[in-house]
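Following: one structure in structure tokens, then a few remarks.
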Amino acid sequence: GALLVLALTSPAAGSVLTSSGLVLFGRLSYGLYVFHHPLLFLRPDVLSAASFPRFLGSPLPGRLLFILLATAVSLALAWLSWHFYEKQFLKLKDHFPYQPGIGSPGVEQVPAP
């Protein structure tokens with residue numbers, strides 16, 4: 001536990017956690033969650049990891065190519081979902097101002113210092 005606290009409070013962790021790659025995956029994470037699994041079962045007989053060619057008798061390059069292709073398709077669908085669906089709902093937050101404590105029965109309000 002102490003190692004986790006040290007890692008999260010160090011300045012280096014802050015720069016890693018706010019890197020553009022992680023921010024992108026964080027933004028697209030819901031779309032990736034929704035779309036990656038149905039893509040695997042869309043047509044497994046047409047496009048599967050086993051359908052890619054072997055290189056020097058090893059299936060590893062074909063499987064890596066399959067993973068890259070599946071990741072690219074999932075990312076593309078997640079990006080489309082973010083821009084055409086999720087982002088539109090997030091724009092509605094401007095119409096509903098946040099007021100702490102409203103609708104939270106039993107939660108005591110602590111004044112800010």
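The values are calculated or read from the model by the stated rules, or taken from the named source; none is laboratory data. All values reported here derive from a predicted model rather than from experimental measurement. Cβ: placed from backbone, ideal geometry, glycine included. Neighbour counts: every protein chain shown. Just so you know, the surface numbers come from the protein's heavy atoms only, side chains and all, with ligands and any DNA or RNA stripped out. Shrake-Rupley method; radii C 1.70, N 1.55, O 1.52, S 1.80 Å.
Identify, by number, the condition in (1) surrounded by 12 or more Cβ atoms within 10 Å (Cβ to Cβ); (2) closer than 22 Å to L24 by Cα that F55 doesn't meet.
Unmet condition: (2).
Filter segment 3-18 down to the residues that are touching a helix residue (DSSP H, G or I) at 6+ places or on another chain (Cβ under 8 Å) and small (G, A, S), then identify the one that is least open to solvent (accessible area, probe 1.4 Å).
A13
Report, by residue number, each residue of segment 1-49 that is part of a loop (DSSP other than H, G, I, E, B) and either closer than 19 Å to A78 by Cα or modelled with pLDDT of 75 or more (or both).
Matches in segment 1-49: G1, S10, T18, S19, F41, L42.
When you look at H95, is it at pLDDT 80 or above, loosely packed, with under 10 Cβ neighbours inside 10 Å and under 28 Å from R27 (Cβ atoms), yes or no?
yes
Return yes when L64 is exposed (fewer than 11 other Cβ atoms within 10 Å of the Cβ), modelled with pLDDT under 85 and in a helix (DSSP H, G or I) and no when it is not.
So L64 fails the test.
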